[in-house]
1. What is the stretch 4-155's relative contact order, in percent, from Cα pairs under 8 angstrom and six or more apart in sequence?
2. Need one word for the stretch 4-155: rounded, prolate or oblate. Basis is the Cα gyration tensor (sqrt eigenvalues a ≥ b ≥ c); a/c below 1.5 gives rounded, then a/b vs b/c decides.
3. Return the distance in nm (one decimal) between the two label points of a simple spin-label model at Asp38 and Glu104, each offset 7 Å from Cα along Cα→Cβ.
4. Val136 versus Ala64, label points 7 Å from Cα toward the beta carbon: distance in nm?
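What follows draws every value from the coordinates through simple rules; no lab data is involved. Predicted model only: the values in this text are computed from it and were never measured. Cβ coordinates were reconstructed from backbone atoms using ideal geometry, including for glycine residues, and neighbour counts include every protein chain displayed.
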Amino acid sequence: MLCPRQDAQQQISDREALILDDYAYGEPLSAKDTAAADALDDLRTRLEEQQKNEWATYGEAFRANLARAAVELFPSLRVPVKVIVELEWQRDIGLVDTAWDGPEWRLWESARRNTPLPGSGIPLRDYPLMRDVDQVERDAGRTPLARLGACGEVGS
């Protein structure tokens, strides 16, 4: 199953394919289909901007939660904690040679559980245990396209 963002991108691509399939032989698009294709391009741009903004917000919140965790978990720490947040998925999250109960892991895990997730504004700690977060978001209607108010635009 695709994550909600991938699903949104797929819905846009599927709708675009439906519009363009009728013009596979080089005929010009009708004014109506040109407008629909332009609306889908605009929607795709808005979706990308939404993702960029949500992840930037998440990164800042993660950084703040990590700094807070450093103070709470290591109150006697007398050196500054430098936080570098990479918003692209990192398979090893930079902790390959770190013990899973070491200080880096504890800081990362605290920030991960306490930072509101992009799109929902809900920290991971507040999601139901043993439930897929993506499915919870779908069930709650908090998909990327719904947040853009664009569900009808893609489905038509």
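1. Relative contact order for the stretch 4-155 comes out at 31 percent.
2. prolate
3. Inter-label distance under the simple model: 5.1 nm.
4. 2.1 nm
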